[in-house]
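This report concerns only the one structure given below.
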Amino acid sequence: MGIPADLRPFMAGKRKIKRSLGLKDREAAQALIPDMTKTAHALLKQAERDKAAAIPRLRTH
């Protein structure tokens, strides 16, 4: 899964999230894809939170 350019600094500069499933059985690998996708999305959401925390909040008076 590709990592948006604005989130790369919060993900060690990586361009993609890539994981080996360590399986040779295609059906078994396909069964794991939904869980791996959820994990990748969780990593992206964390990077978004980290980015938001790094941006100074504007004060309104």
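The values are calculated or read from the model by the stated rules, or taken from the named source; none is laboratory data. Nothing here was measured: the structure is a model prediction, and the numbers come from that model. Please note that ligands, DNA and RNA were not included when accessible areas were found on the heavy atoms of the full protein model with its side chains. Shrake-Rupley method; radii C 1.70, N 1.55, O 1.52, S 1.80 Å.
In table form, for the structure just shown:
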{"item": "Accessible area of the chain divided out per residue, in Å², using a probe of 1.4 angstrom", "result": "88 Å²"}
{"item": "Accessible carbon and sulfur surface of the chain relative to its total accessible area, %, 1.4 Å", "result": "56 percent"}
{"item": "Calculated [θ] (222 nm, deg cm²/dmol) that DSSP helices of n ≥ 4 give over the chain, each run adding -39,500 (n - 2.57)", "result": "-17000 deg cm²/dmol"}
{"item": "Reach of LYS45 by Cα under 27 Å, taken over lysines that are not fewer than 8 positions away in the same chain", "result": "LYS14, LYS16, LYS18"}
{"item": "Degrees, to the nearest 10: 26-54 long Cα axis against longest axis of the chain", "result": "10 degrees"}
{"item": "Difference of contour (0.36 nm per residue) and Cα-Cα distance, ALA28 to GLU48", "result": "4.1 nm"}
